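The values are calculated or read from the model by the stated rules, or taken from the named source; none is laboratory data. Bear in mind the structure is a predicted one, so any value in this text is a computation, not a measurement. Quick reminder, even Gly has a Cβ in these numbers, built from the backbone with ideal geometry, and neighbours come from all protein chains shown. For accessibility, only protein heavy atoms count, side chains too; no ligands or nucleic acids. Shrake-Rupley method; radii C 1.70, N 1.55, O 1.52, S 1.80 Å.
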Amino acid sequence: MTQPFFITTPIYYINARPHIGHAYTTMVADAIARAHRLLGEDVFFLTGTDEHGQKVERAAQKAELPTPVFADQVAESFRQMCGDLNISNSDFIRTTEPRHHRAVQEIWRRVAAAGDIYKGDYEGWYCTVDEVFVPETQLVNGSCPTCGGKVERLKEESYYFRLSKYQQPLLDFYEANPEFLQPAFRFNEVRTFVAAGLQDLSISRTSFRWGIPVPDDPAHVMYVWFDALTNYLTALGFGSDDASAAARVERFWPTVTHLLGKEIVRQHAIYWPAFLMSAGLRPPQRIVAHGWWLMGGAKMSKSVGNVARYQDYVSVFGVDALRYFVMREMPLGLDANFSDEGILTRFNSDLANDLGNVVSRTMTMIHRYRAGVVPAPGEPGSLDSALQRQADGTIERVKRNFSTYQITVALQDTWELISAVNKYIVEREPWKLAKDTGQKVTLDSTLYHAADAVRIVAALIDPVMPEAADRIRRMLGGTQEAWSTLKSGTLAPGTTLGSVEPLFPRIEKTLEELRSMASDNVPPSSTPHTPPTAATPATGAEAPAAPTAAAPQPPAAPSTGAGRISIDDFMKVELRVAKVLEAEAVPKSKKLLKLKVDTGVDQRTIVAGIAEAYQPEQLVGRTIVVVANLQPAKLMGIESQGMVLAGSVEGGLPTLVGFDTPLAPGARVR
Ligand code: ME8
């Protein structure tokens, strides 16, 4: 019977839309899931959204939307991320679904029946960004030790979970399962923390409503982590009466790998196993904690707003290149800097130069010298055998490294094989062999072994770059190959190749050229190699500030294909530098300011939704950017003759667009 393999990502908070950090975990989990499928296992791959709690409720209030409407909109952007990034998830769970309410209430009842829940009063600190209670002793300069954000004082009735009772059972469990948490240094941190003693955990709140009601006491909603962690069981069918659901729980639990960021290790490695033990269920088999993508030296974070949009990189480099970059660049467990330079360099050197080159030169030579048909190899010479040995060794190591979540190492190894194939071709000099009819057999052998190794490379990059793997296979005239049977020398002679297409055409421009082209408004070309718009990550992250509220927009349209506009379309928007002459509040409006501006062409009134971020007096004399040819519109009875440009992160305050060097009113912005 095939072996079950269950892999999860965290379920993401929906206080804002996804960024590279969420994309990262989801892409890594996808690569692991794909690798296990190639190994012939029965894979269940789960991702989804964590929708309850105070943070989400507040984000909805800020957006002035009913919380369920807000939840639907933002959850959809996470679901869309899965489509955009070629994610092969088996299920997408939302904690607002009835199946999840049922499962969580069932866990609560079981934990209560075990005598592990009691009522008390909570008085202490709470960090809404991380949704955690913070003991006074752990505050750092009065702020949250994890995110550095503000904490709030809470005083309310609360149910408690007897976490202290599970100190020894947890330590015993860790002892018996030395592979429970990767990397090992994180496991040590957890052990030390638990050994120092555990306090009971507050698991309900009464001061807000957006959560799952506690059974038989609806004045309380469950603490969002009690609710969220259970998603991993809900998706298998826990809490359902259906017999097939019970069978699925039986099959996949607890052979699960929870992949997550290092900041939520405590919840997964301490709370979650304790809840499960209390409910009479087995703790998860494995937790794999990765590091953080940093931006400007700090953790990329929705709450801070220093985020890069995955869409910008997909539109410039393509999905596979983004997947490759993040998995090659960040060794498991460590932090890494996300930079435009980094991805451009990897694109040109690893993908265009190394991989692209070996594929195209191998295919082109078979087309040129053997009319596109793979020749039969002769007796292998020492060079051929060495290449085969390296290929077979790489296959075994890549399988092992995927099983231990060392994807970076697996990719490094695969790239060594790619270099070896390139070197093999250079040493054999097929272009010279082709001129000598006496060398026909050697040329056949060379072409065969190069193509055979390229086939293996395609199979090995498949989990990380499924599209590229597919394209190579199409060129090679083959189909997807299972890792269980993958070995060198099995390419069938006589296979007819497909046509050769460029895999990753080199981007010849430097980053600076790409960026300056971006500011000169060079149109996005039809190839994926357009300038990285992510050069302006924070402001580009969300919808531009409209004259009214900074409410969440519908999910961002994919930046490829039909969603693109031509340069002519863009140039229809007349963006001009303007100077603010007068500014005043709009009576009875919290958000609007009435501005009188000089556009260099005329003086006009514009109503702008920036009152929460700027005092009128701060604006007078300031240089701004306006849309000068917008249809006039009436806002609060005032005719607005244009729009002011500002950026904002989801739910954040708008920041006006400005310039490094002052420009005179009237200058075009493009
Ligand atoms: O914590 N670098 O949700 P969340 C790398 N809902 N990964 C990052 C990242 C970064 N800068 N930023 C986010 C929650 N991530 C809870 C989880 S699970 C039962 C509940 C990824 O929206 C990483 O996987 O804050 C991290 O753990 C997760 O997003 C946090 O997402």
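Report, by residue number, each residue of region 371-382 that is at pLDDT 95 or above and open to solvent by less than 60 Å² (accessible area, probe 1.4 Å).
G372, V373, V374, P375, A376, P377
Checking the condition aliphatic (A, V, I, L, M), over 38 Å from the mean Cα position of the chain (by Cα) and over 30 Å from E57 (Cα atoms), which residue from A628, A633 passes?
The match here is A633.
Quick check on T485: is it without any contact (Cβ under 8 Å) to a residue 60 or more places away in the chain, surrounded by fewer than 19 Cβ atoms within 10 Å (Cβ to Cβ) and over 24 Å from the mean Cα position of the chain (by Cα)?
In short, yes.
Go through region 613-670 and tell me which strands (runs of 3 or more DSSP E), entirely inside it, have 3 or more residues that are surrounded by 14 or more Cβ atoms within 10 Å (Cβ to Cβ).
Where strands (runs of 3 or more DSSP E) fall fully within region 613-670 and carry at least 3 residues being surrounded by 14 or more Cβ atoms within 10 Å (Cβ to Cβ), they are 623-627.
Among V56, V43, which is the only one that is away from the ligand (no atom under 13 Å from the Cβ), hydrophobic (A, V, I, L, M, F, W, C), open to solvent by less than 30 Å² (accessible area, probe 1.4 Å) and touching a Ser or Thr at 6+ places or on another chain (Cβ under 8 Å)?
Selected residue: V43, the only one of V56, V43 that is away from the ligand (no atom under 13 Å from the Cβ), hydrophobic (A, V, I, L, M, F, W, C), open to solvent by less than 30 Å² (accessible area, probe 1.4 Å) and touching a Ser or Thr at 6+ places or on another chain (Cβ under 8 Å).
If you go through region 305-328 one residue at a time, how many are at pLDDT 95 or above and of a type in the set (D, E)?
Selection size over region 305-328: 1.
In this structure, does E467 turn out to be modelled with pLDDT under 95 and open to solvent by 60 Å² or more (accessible area, probe 1.4 Å)?
no
Of (1) touching a strand residue (DSSP E or B) at 6+ places or on another chain (Cβ under 8 Å); (2) modelled with pLDDT of 95 or more; (3) open to solvent by less than 40 Å² (accessible area, probe 1.4 Å); (4) under 28 Å from D335 (Cβ atoms), S77 satisfies all except one. Which?
Unmet for S77, out of (1) touching a strand residue (DSSP E or B) at 6+ places or on another chain (Cβ under 8 Å); (2) modelled with pLDDT of 95 or more; (3) open to solvent by less than 40 Å² (accessible area, probe 1.4 Å); (4) under 28 Å from D335 (Cβ atoms): (1).
Looking at region 294-319 only, could you name the residues that are under 12 Å from A23 (Cβ atoms) and within 10 Å of the ligand (Cβ to nearest atom)?
Result: M300, V307, A308.
Residues A274, A228, A235, A243: which one is free of Cβ contacts under 8 Å to residues at least 12 places away in the same chain and either crowded, with 18+ Cβ neighbours inside 10 Å or hydrophobic (A, V, I, L, M, F, W, C) (or both)?
Exactly one residue qualifies, and that residue is A243.
For region 183-209, which residues satisfy the criterion of being of a type in the set (V, I, T) and assigned to a loop (DSSP other than H, G, I, E, B)?
Scanning region 183-209 gives I203, T206.
Return the residue satisfying two criteria in turn: it lies in region 1-17 and is over 19 Å from T234 (Cα atoms) and open to solvent by 10 Å² or more (accessible area, probe 1.4 Å), and of such residues it is nearest to the ligand (Cβ to nearest atom).
Looking at residues that are over 19 Å from T234 (Cα atoms) and open to solvent by 10 Å² or more (accessible area, probe 1.4 Å), I get N15.
Can you tell me which residues in region 111-146 are among the β-branched types (V, I, T), in a helix (DSSP H, G or I) and surrounded by fewer than 20 Cβ atoms within 10 Å (Cβ to Cβ)?
T137
With (1) at pLDDT 95 or above; (2) crowded, with 19+ Cβ neighbours inside 10 Å as the list, and I343 as the residue in question, which single condition is left unmet?
(1)
Taking the criterion of being closer than 23 Å to N401 by Cα and either without any contact (Cβ under 8 Å) to a residue 40 or more places away in the chain or within 33 Å of the chain's Cα centre (by Cα) (or both), would at least one residue in region 444-454 satisfy it?
yes
Restricting to region 292-316, count the residues that are open to solvent by less than 10 Å² (accessible area, probe 1.4 Å) and either more than 13 Å from the chain's Cα centre (by Cα) or at positive phi (or both).
2
Residues checked against (1) in contact with a Phe, Trp or Tyr (Cβ under 7 Å, 6 or more places away or on another chain); (2) among the charged types (D, E, K, R):
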site	(1), (2)
Q167	no, no
L170	no, no
Y174	yes, no
F180	yes, no
F185	no, no
E189	no, yes
A196	no, no
T206	no, no
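For the condition within 24 Å of I507 (Cα to Cα), free of Cβ contacts under 8 Å to residues at least 24 places away in the same chain and open to solvent by 10 Å² or more (accessible area, probe 1.4 Å), what is the one hit in S419, S360, S385, S349?
Result of the check over S419, S360, S385, S349: S349.
Quick one: R34 ticks every box in (1) under 23 Å from D130 (Cα atoms); (2) more than 8 Å from the ligand (Cβ to nearest atom); (3) touching a residue at least 60 places away in the same chain (Cβ under 8 Å) except a single one, so which number is it?
(1)
Checking the conditions here, which among V398, V426 is part of a helix (DSSP H, G or I) and free of Cβ contacts under 8 Å to residues at least 12 places away in the same chain?
When all the criteria are applied, what remains is V426.
Pick out the one residue from E157, E179 that is part of a strand (DSSP E or B) and touching a residue at least 12 places away in the same chain (Cβ under 8 Å).
Residue meeting the stated conditions: E157.
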